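**Student:** Quick one: the structure is below, questions incoming.
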Amino acid sequence: MVTSYQSIGQPVSRAEGPDKVTGAAIYTADLNLPGLLVGKCLRSPYPHARIKSIDPNSVAAARRLPGVHAVLTGRDIPNNLVGRMLRDLPMLAQDVVRFVGQKVAAVAADDNDIAQEALNLIEVEYEELPAVLDPVEAMAPGAPVLHPDFMRYAGRDGNPQMHPNVLAHATWGKGRVEEGFAQADRVFEHTFRTQHQHQGYIEPHATVVYLDDAGRVQVWANSKTPFLLRRQISEGIEVPQEQIRINPINIGGDFGGKGSFMDTHVAYWLSKATGRPVRMVMSYVEELMAANPRHPAVMTFKTGVKRDGVITARQAKFIFDSGGSGGFRPQKGTAFGVGGIGPYRMEHCQVDTYMVYTNRTPCGNMRAPGGPQSIFASEAQIDLIARDMGIDPYEFRRQNLVRDGEESPLGHHWHHFMGLPTLEAAIQESGYPSPKTLPAGLSRDGGDWQVGRGISVCERHVGAGISTAKVSVDTEGTVTLFTPLQDTGAGFYTVLRQVVSEELGVPYDEIRLVPWSTDDAPFDSGVGGSRVTHVGGQAVYGAAREVRARLTALAADLYGWPEDQIAFKDRQVRAPRHRPVALADLVARSGGPVEGESTYESERDEDLTCFTAQVAEVAVDRETGQVKLLRFTTAQDVGTVLNPQAHQGQIEGGIMQGIGYALMEEIKYEDGKASTLTFGEYKMPTIADIPELRTVLVQSHGGGPTPYGGKAIGEQPISSVAPAIANAVLDAVGVGIRELPITAEKVHQALRRTKA
């Protein structure tokens, strides 16, 4: 994309890249403080059980083991409950365990092997309790109550509990759905299911905790929300927040999952017991067993349609499986599924979402939380309806899509809404109306292959929050950016440098970036929710503009230049018909560094959204049910693209995670225990699974809220991937798959049922 900017819009590489690829970047597991001990946890083997006893002799034997410095059980620490918002999870279980992998005891030792040997000595006697492994069954009358003390938990949403296992319920809508259904000529109802999906970051959760000589709690953790983590630790260990410092550290991938506290509280108690720093790093067995994957969901859609294809009403019921705890979710209530009703015109709609306790892995956030589940159900049903009524799925969507200025299903007036132009761009780029041909390689390999194309659309908001930044230029001309945002690997440290570069005329890769600890800023919302380039970017933009204004005033005063003609480029300050002045020389004349600081705070604009339209092309073997993804096209509604290379990376990364969600990724369970505990069993897409990818960027006339008019992109591409693939399978062989992932077995079984 060609722009008139110096740095913005340029496809520059990662400024932080060299440190990462050379190994110079430091991650939590790399920290090796003097006297460092290793912490490990003993975890429950049962999904639901009462802890009858922990044998004191076995604990004593573990403590006597050479190289062991502390052994803790729940009786050795306060019985405080912790959580990101809802506090329902004990640091170490004392009475009851509610999922396989829940922490029961902890050890600090000289190394991993000794720690594991000590854990092996600890004997716990359990009494198994009835386990609830399905969220629908958890809501049934008479289901075992998993959290009988729920109404006393801190951080609840404050609403009455409608069922003992429902930890949150929310509803949205407009009109009267029964009236809308009465107006319809046809009413369709379908139920869909989705699975657990792990975020798949390379670096597992890790933390280092140390009580320094002043009694302050020093923490290094791969958390993308350090200020929220500080609060969570404070609540759990009963230490004031000002006595806790979260130190900046690199994060080896996030995708939504690195906002949780995991082992941090336990590491504190081990450090306090030993007087030494303690490092805890989860193994990937522990990650897949007991981290915070994407919520599975059971979703029912009921849609009323007139003969001409006009939607009269939609009703959606989302039941999300929270697992044994709700403590890894950042919201009090249930915010998932708000956009799941679809970007379609309708006078009547209702959405009800439920977050439900089960005895499976506690779930948290993953890229576009709630979106891939709800959009899969919504968009897969759209195709089932269209094909049942003999209407082309593209025409059905085109007819019902909200136009710019019209009211959304939930009553918002999306401004500069690019639904129809983006859909048409995806249709044109993908060749959707053209004849379908089977690739020569497949036709030679045998089988009864059929080609199909599927469409899916969605919209997602632009995130909001609060952030502070400071920009400083010293007398040597060195520009430094200070930010409390923690690098999650998404590339925003480069984009933030580009903003400063644009304003001050200094090459982006020469700008120093210094991450702040929680001591250095009043608060920051952290990374997530498609907010960083908007909120963090605007804070950086404000700080850079303040420095620019001060330098401009200084140059005007010193050299008599007109302020409105002063420009910054190539480390120089310039004005027409005057000799340029080096930035360092100008700052030196000021007698010290020139600095600017800015805080930006924004609430979410419900009238602003970003639209995505996608088309999948697949080949399906009617004999085996095998699905091959041949081509995938995405059209994205964008404003100014600040870094085309990083922007495209976000699109392709989101699509690949969506492909994994659609076709292969799943944490499987046997009797409540995760059985896919390695990446040999938990399948994620590799380079061999990438189809031909096509991208179309559709320029929004109104731009977006980031500096220079950009829009969010990090979460936008993922949600409509799975339904586009499901709809392509439906187009190819005439069977609608309503449960993810779409495996050969499910397609084959559906074909057999249809044939029978």
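**Student:** Alpha carbon centre of region 477-520 versus region 710-756: separation in Å?
**Tutor:** If you average the Cα positions of each part, the centres end up 41 Å apart.
**Student:** Which of these values of Cα extents along the principal axes in Å was calculated from the structure shown: (1) 82, 71, 45; (2) 74, 59, 51; (3) 85, 79, 55?
**Tutor:** Answer label, from the structure shown: (3).
**Student:** Output the pairs from K52/K224; K272/K332; K40/K258; K174/K332 with a Cα-Cα distance over 28 Å in this structure; if there are none, say none.
**Tutor:** Pairs exceeding the cut-off: K52/K224; K272/K332.
**Student:** So which aspartates and glutamates pass the test for K569, namely a Cα distance under 16 Å, with those fewer than 8 places away in the same chain ruled out?
**Tutor:** E502, E503, D509, E510, D585
**Student:** Helix-derived [θ] at 222 nm for the chain: sum -39500 (n - 2.57) over DSSP H runs of at least 4, divide by residue count, nearest 500?
**Tutor:** -8000 deg cm²/dmol
**Student:** On to the next question. For region 252-298, with only Lys/Arg (+1) and Asp/Glu (-1) charged at the beta-carbon, what is the dipole magnitude about the Cα centre, in debye rounded to 20?
**Tutor:** That gives a dipole near 180 debye.
**Student:** Next question. Identify, among I51, L92, A109, the residue whose Cα sits farthest towards the positive end of the charge dipole of region 35-168, taking +1 on the Cβ of Lys and Arg and -1 on the Cβ of Asp and Glu, with the dipole about the Cα centre.
**Tutor:** L92
**Student:** Could you sort the peptides 719-732, 62-75, 376-389 by per-residue average Cβ neighbour count (10 Å cutoff), highest mean leading?
**Tutor:** By packing density, highest mean first, the sequence is 719-732, 376-389, 62-75.
**Student:** Mind putting a number on the dipole of region 521-637 about its Cα centre? Charges go on the C-beta only, +1 for Lys and Arg and -1 for Asp and Glu, and I need it in Debye to the nearest 20.
**Tutor:** Result for region 521-637 is approximately 720 debye, rounded to the nearest 20.
**Student:** Report the charge-dipole magnitude of the chain in Debye, nearest 20, computed about the Cα centre from +1 at each Lys and Arg Cβ and -1 at each Asp and Glu Cβ.
**Tutor:** Value, rounded to 20: 500 debye.
Computed from the coordinates by the stated procedures, all read-outs in this text should not be read as laboratory data. As the structure is a prediction and not an experimental result, all values here were calculated from the model. Glycine gets a Cβ as well: all are built from the backbone with ideal geometry, and neighbour counts include every protein chain shown.
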